[in-house]
Amino acid sequence: MIFHEQQLLDKELDPYRVLKKKVGLVPTMGALHEGHLALVKKSVAENEITVVSIFVNPTQFDNSKDLQKYPRTLDEDSKLLRSLNAKILIYAPQPDDLYGNKVVSKRYSFGGLEKQMEGKFRSGHFDGVGTVLNLLFRAIRPDQAYFGEKDFQQLQIVRKLVEIEKLPINIVGCPIYREPHGLAMSSRNKRLSQVEFDKAGFIFETLQWVRSNFSDKSIPELQKIVQQKFKENNYLELEYFEIANIKNLIPAKRKRKRNKYRAFIAAFAGEVRLIDNMALN
Ligand code: AMP
């Protein structure tokens, strides 16, 4: 069932809340793929009812062309969700149903998490993400909400957001779903040409190479080699490569045994910006 208005969705959810049956939420921007569906299936398995929100959130885009070109496929998305044959409600609002008449971001400080990587390169992005998720959380009041490690920085920020906003929601992280050649599934992949799609497997290959060499090489060495690998690649332009401590996301200069690290890449294939990451230890 598709709801465009909070009020009607609320009526549908109320009986579940009254009977203390678990409500799961999977926030998405639509153009659903297997990666999204994995989150939805996990929520269906762990909750009595699942809400999938489909909303291309204008306040988290720093680039109006990217916002305009973001794929919107609500009919196909709802067919896909229906095919799961489960208790799933779709919430696909217009901006004013969530934001009221002012579609603007609240300013957040996520303890520095927002200053690294995506935060550096997409100004205001995490204020937009925090704002829309806070609105969705308050509208839907889920017991659990599901997020992909594909957007690992976002996942850590959402954990911080529920702390800041004092929301009693369990945030569940889910592994990255990939295409057969390793490219992380993404709605943006729909905008790649066949050649760009094929060549974009290089991002995953590079992350795997970093993981295999993480124990033998220093971080500056790995940095240098990855930069060089991208320079030699004619199809992908590297925006950033970082190895960061998973807790604070601060780029690491040297390894410490007790810390856990991930490698993060953002790169352009033509006009399309792709991100990916991988656990290293
Ligand atoms: P999006 O529609 O891109 O905002 O993504 C909605 C949710 O799906 C986010 O929590 C993403 O991290 C997650 N997601 C997107 N792509 C993948 C993927 N390839 N594997 C796992 N989760 C994903």
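Kindly list, by first and then second residue, each pair from a residue in the stretch 137-166 that is in the same structural domain as THR50 (by TED's automatic domain parsing) to a residue that is part of a helix (DSSP H, G or I) and among the charged types (D, E, K, R), limited to pairs with Cβ atoms under 7 Å and residues at least 6 apart or on different chains.
Matching pairs, first to second residue: ARG141/ARG17; GLN144/GLU46; TYR146/LYS42; GLN153/GLU118; LEU155/GLU149; ILE157/GLU114.
Looking at (1) in the same structural domain as ARG122 (by TED's automatic domain parsing); (2) modelled with pLDDT under 95; (3) not hydrophobic (A, V, I, L, M, F, W, C), can you tell me which one LYS257 breaks?
(1)
Residues in the stretch 133-157 that are assigned to a helix (DSSP H, G or I), of a type in the set (Lys, Arg) and more than 8 Å from the ligand (Cβ to nearest atom): how many?
So in the stretch 133-157, the residues assigned to a helix (DSSP H, G or I) come out as 133-140, 149-157.
Filter once more, so that each one left must be of a type in the set (Lys, Arg): 138, 150.
Filter once more, keeping what is more than 8 Å from the ligand (Cβ to nearest atom): 138.
Counting residues in the stretch 133-157 that are assigned to a helix (DSSP H, G or I), of a type in the set (Lys, Arg) and more than 8 Å from the ligand (Cβ to nearest atom) gives 1.
If a residue must be more than 20 Å from the chain's Cα centre (by Cα) and without any contact (Cβ under 8 Å) to a residue 60 or more places away in the chain, how many such residues does the stretch 91-100 contain?
Of all residues in the stretch 91-100, those more than 20 Å from the chain's Cα centre (by Cα) come to 94, 96-97, 99-100.
Applying the additional criterion that residues be without any contact (Cβ under 8 Å) to a residue 60 or more places away in the chain yields 96, 99-100.
Residues meeting the conditions: 3.
Please enumerate the residues belonging to the stretch 235-247 that are surrounded by 14 or more Cβ atoms within 10 Å (Cβ to Cβ) and farther than 17 Å from ARG122 by Cα.
Correct list: TYR235, LEU236, ILE243, ALA244, ASN245, ILE246.
Tell me yes or no: at least one residue of the stretch 44-60 is modelled with pLDDT of 95 or more, more than 19 Å from PHE147 (Cα to Cα), part of a loop (DSSP other than H, G, I, E, B) and in the same structural domain as THR131 (by TED's automatic domain parsing).
Checked against the condition, which is being modelled with pLDDT of 95 or more, more than 19 Å from PHE147 (Cα to Cα), part of a loop (DSSP other than H, G, I, E, B) and in the same structural domain as THR131 (by TED's automatic domain parsing), the stretch 44-60 yields no hits at all.
Pull up the stretch 50-68, narrow it to residues that are touching a strand residue (DSSP E or B) at 6+ places or on another chain (Cβ under 9 Å) and surrounded by fewer than 21 Cβ atoms within 10 Å (Cβ to Cβ), then point me to the one that is nearest to VAL129 (Cα to Cα).
PHE55
Considering only residues that are more than 11 Å from the ligand (Cβ to nearest atom), hydrophobic (A, V, I, L, M, F, W, C) and assigned to a helix (DSSP H, G or I), look in the stretch 158-186 and name the one that is surrounded by the fewest Cβ atoms within 10 Å (Cβ to Cβ).
ILE164
Taking the stated definitions as given, is LYS199 among the charged types (D, E, K, R), modelled with pLDDT of 95 or more and more than 25 Å from ASP66 (Cα to Cα)?
Numbers: among the charged types (D, E, K, R): yes; modelled with pLDDT of 95 or more: yes; more than 25 Å from ASP66 (Cα to Cα): no.
Answer is no for this residue.
Which members of the stretch 101-136 meet the condition of being of a type in the set (Phe, Trp, Tyr), within 16 Å of the chain's Cα centre (by Cα) and surrounded by 21 or more Cβ atoms within 10 Å (Cβ to Cβ)? Let's see the steps before the verdict.
Residues of the stretch 101-136 that are of a type in the set (Phe, Trp, Tyr), as a first pass: 108, 110, 121, 126.
With the extra rule that they be within 16 Å of the chain's Cα centre (by Cα), the set shrinks to 121, 126.
Correct list: PHE126 only.
If you go through the stretch 15-22 one residue at a time, do you hit one that is within 13 Å of the ligand (Cβ to nearest atom) and within 27 Å of ILE176 (Cα to Cα)? Give the steps one after another, and end with the answer.
So the first thing to find is which residues in the stretch 15-22 are within 13 Å of the ligand (Cβ to nearest atom), and the list is none.
No.
In the stretch 69-81, which residue that is part of a helix (DSSP H, G or I) and out of contact with any strand residue (DSSP E or B) (no Cβ under 8 Å at 6 or more places or on another chain) is farthest from ILE2 (Cα to Cα)? Reasoning before the result, please.
Going through the stretch 69-81, the residues part of a helix (DSSP H, G or I) turn out to be 69, 74-81.
If we keep only those that are out of contact with any strand residue (DSSP E or B) (no Cβ under 8 Å at 6 or more places or on another chain) as well, we get 69, 75-76, 79-80.
On the way: LYS69: 23, ASP75: 10, GLU76: 12, LYS79: 11, LEU80: 13 Å.
The selected residue is LYS69.
Suppose we filter GLN223, GLN227, GLN194 for residues that are in contact with a strand residue (DSSP E or B) (Cβ under 8 Å, 6 or more places away or on another chain), surrounded by fewer than 16 Cβ atoms within 10 Å (Cβ to Cβ) and over 18 Å from THR28 (Cβ atoms); which single one remains?
The unique qualifying residue is GLN227.
The values are calculated or read from the model by the stated rules, or taken from the named source; none is laboratory data. Just so you know, these numbers come straight off a predicted model, no measurement behind them. Cβ atoms come from the backbone with ideal geometry, glycine included; neighbour counts cover every protein chain shown.
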